[in-house]
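Since the structure comes first, as structure tokens, the remarks are kept for the end.
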Amino acid sequence: MLKVLVASLVAFPLLVTLTLVLQNPPANRIGEVLEASALENAAHNATSLHAGSEDVSSQLTDMPKDKLLGGLLASGFDEGSCLSRYQSSLFQKPSLHKPSSYLLSRLRSYEDLHKRCGPYTKSYNRTQKLLKSHLSASSTECKYVVWISYSGLGNRVLTLTSAFLYALLTNRVLLVDQGKDMADLFCEPFPEKSWVLPVDFPLKETFKILSQKFPHSYGNMLKKNILNTSTVSLPSYLYLHLAHDYDDHDKLFLCDQDQTLLSRVPWLIMKSDLYFVPSLFLMPSFEQELSKLFPQKDTVFHHLGRYLFHPSNHVWGLITRYYQAYLAKADERIGIQIRNFDTGPGPFQYVMDQVLACTLKYKVLPQVDRKRTIGTQSEKANLKAILITSLSSGYFENVRNMYWEHPTVNGDVVEVFQPSQEQFQHTENRLHNSKAWAEMYLLSLTDVLVTSAWSTFGYVAQGLGGLKPWILYKSDNQTTPNPPCRQAMSMEPCFHAPPFYDCKTKKGMDNGALVPHVRHCEDMSWGLKLVDNHDGL
């Protein structure tokens, strides 16, 4: 009987494995299953470390998990193909901001639209023929926004969110031109149909020469009076130049009256490095819909960012392994993101002085006792993990040495970590972007966040994490600003180059003073950002 029992225990796992393999016969699926299993173990181990020495299975059972993030995410995906989609709730703190039921309904409706009109559907193929034959616009079942990969990774995440919100508001399908370095960063966000623009898209080669003077540029055509509201025959596509160097004619895209004309064009090709969401909130035709989608105005990127951007299995491995090794055991996690725009990699002493002036003044970091060599021993000492992200290693070394050489005044134990030191930003480098995306996500998992002015890298982290960071003011003349920082009004990113223009009167106007929920940014006085007008700001 004992031999039979032993044989059964050995054979049972083999039978389970064979069943899984037979259900998924292609050879490459075996590798995916093994990778998925390894990453799932990493996630479970991280939870185990954070919880202590109690049984892992009971911890996961007792832990309140919201796999669908309050209904933001659709169920039914193959979990192994994108582990982060449903495992993120094991690492993120539960959001304090619940999505509206109307937003959830509209996301499900969009997913149906994407399934019906996505790549290689009958509607897509039919609408694509307009481009191949250079036909004028006609009534089509599906209309599209094509987003072109452009600028740094932080800018891409923000502009892709802007493009998706515009697609949601105008009942268009969003398709993404990934470029050379985005293929293995994000999972597919929509069920069944890809958001990736097909490689055989007729205008693919044209993307290389898109500019403000391009013949199909919307601003250029307005400037030459080729287009106006009375135009009967419209082109099958228009190029929208929404980058930081856009001119007054390009900016008319953000005017209500122009949306009527644009709504008749099947294909809109968009290139941008700006988070133009705040200007959408200033357009009367979108006002009612946006109020229903986002009753709390400063949650746009928080909700849409968590809906759209799930790290690929490769990047999720970077995130979970680092979190497990360095952050999981901490009682408090503090993120410090340092980006300066001076020439050279740094470190710069005035930046280091600013970081310490901010974090010590506002008690983000514990003070050190420089008079004593031995700190107070306490069984209840808090363990604080400081995660620093910077192109330079110098700031990390300074903070690490400070807590190594001196005890803290309150007895806290401090550990300091930095995942990478790239020295220079390598836009369009795939490995560099994988690390950058992993670091943005890790910063979003912290409890308190300090970010640098003007940095879209920091904007992404704060929005995903639902955090109002301490923002380090931009320095003038390489001196430490006084005050060194301030806490953000909201977790929303800043629109760096908004138009100062009243579409109705066609005169210059301060768009940061029109409505209570669109204000000027803390780190860029001319920028615009969304705030929650219930805060009385």
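The values are calculated or read from the model by the stated rules, or taken from the named source; none is laboratory data. Keep in mind that what you see is a predicted model, and the values were worked out from it rather than measured. Heads up, the Cβs are rebuilt from the backbone with ideal geometry, glycines too, and the neighbour counts pull from every protein chain shown. Protein only, heavy atoms only, side chains kept; ligands, DNA and RNA dropped before computing areas. Shrake-Rupley method; radii C 1.70, N 1.55, O 1.52, S 1.80 Å.
The stretch between LYS292 and PHE500, if pulled fully straight at 0.36 nm per residue, gains 72.2 nm over its current Cα-Cα span.
So, by mean Cβ neighbours within 10 angstrom, what's the order for 315-321, 476-482 with the highest one leading?
Details: 315-321: 22.7, 476-482: 10.9.
Top to bottom by mean Cβ count within 10 Å: 315-321, 476-482.
Treating r as the C-beta distance of VAL196 and ASN225 and R0 as 41 Å, the FRET efficiency rounds to 0.65.
Can you give the FRET efficiency for ARG264 and ASP369, using 1/(1 + (r/R0)^6), R0 = 56 Å, r = Cβ-Cβ distance, to the nearest 0.05? Before the final figure, lay out the partial values.
Working: r = 69 Å, r/R0 = 1.24.
With a Förster radius of 56 Å, E is 0.20.
Note that segment 302-317 has calculated 3J(HN,Hα) couplings of 4, 6, 6, x, 6, 6, 8, 10, 10, x, 4, 4, 4, 5, 4, x Hz, one per residue in order, obtained from phi through the Karplus relation 6.51 cos²θ - 1.76 cosθ + 1.60 (θ = phi - 60°); glycine and proline are x.
Distance cut-off 31 Å, Cα to Cα: go down the list LYS93/LYS143; LYS223/LYS474; LYS271/LYS468; LYS115/LYS529 and report the pairs above it.
On the way: LYS93/LYS143 37 Å; LYS223/LYS474 36 Å; LYS271/LYS468 29 Å; LYS115/LYS529 33 Å.
Going by Cα-Cα distance, LYS93/LYS143; LYS223/LYS474; LYS115/LYS529 fall outside the 31 Å limit.
Here's the picture: charge each Lys and Arg Cβ at +1 and each Asp and Glu Cβ at -1 in segment 185-255, and of PHE207, GLY219, HIS244 the one pushed furthest to the positive end of that dipole is GLY219.
Residue order by solvent-accessible surface for TYR102, TYR275 is TYR102, TYR275, largest first, with ligands and nucleic acids left out and a 1.4 Å probe.
For segment 83-225, a Kirkwood hydrodynamic radius built from all Cα pairs, placed in the Stokes-Einstein relation at 4 °C and 1.567 mPa s, yields a translational diffusion coefficient of 75 µm²/s.
Using the Cβ atoms and a cut-off under 15 Å, what net charge is assigned to the surroundings of CYS494, where Lys and Arg are +1 and Asp and Glu are -1? It would help to have the intermediate numbers written out before the result.
Numbers: positive: LYS297, ARG339, LYS468, LYS474, ARG486, ARG519, LYS529; negative: ASP273, ASP298, GLU492, GLU522, ASP523.
Charge balance near CYS494 sits at +2.
Phi-derived couplings, Karplus 6.51 cos²θ - 1.76 cosθ + 1.60 at θ = phi - 60°, listed residue by residue for segment 389-398: 10, 6, 6, 9, 8, x, 5, 4, 5, 5 Hz, with x used for Gly and Pro.
The accessible area of LEU90, taken with all protein chains in place and a 1.4 Å probe, comes to roughly 30 Å². What number comes out for the charge environment of HIS520, summing +1 per Lys or Arg and -1 per Asp or Glu over other residues with Cβ under 12 Å away? So the environment of HIS520 carries a net charge of -1. Gain on full extension, evaluated as 0.36 nm per residue between GLU141 and SER525 minus their Cα-Cα distance, stands at 134.0 nm.
Projecting the Cα atoms of LEU165, SER151, CYS117 onto the charge dipole of segment 104-165, computed from C-beta unit charges around the Cα centre, puts CYS117 farthest toward the positive end. Phi angles of segment 198-213 translate, via the Karplus equation with coefficients 6.51, -1.76, 1.60 and θ = phi - 60°, into HN-Hα couplings of x, 5, 9, 4, x, 9, 3, 5, 5, 4, 5, 10, 5, 7, 4, 8 Hz per residue; Gly and Pro are given as x. Please list, in chain and number order, the residues 5+ apart from HIS241 or on another chain whose amide H is under 5 Å from its amide H, with Hs placed from the backbone. The list, which skips near neighbours in sequence, is TYR218, GLY219.
Listed by chain and number, the aspartates and glutamates placed with their C-alpha closer than 20 angstrom to that of LYS384 are ASP331, GLU332, ASP369, GLU397, GLU405, ASP412, GLU415, GLU439, ASP447; residues fewer than eight positions away on the same chain are left out. Close amide H contacts of ILE336 (hydrogens built in the peptide plane, cut-off under 5 Å, sequence separation of 5 or more or a different chain): LEU387, ILE388, THR389, VAL450. Residues within the reach of a label modelled at ASP342 (point 7 angstrom out along Cα to beta-carbon, backbone nitrogen below 14 Å), restricted to segment 459-491, are 474-481.
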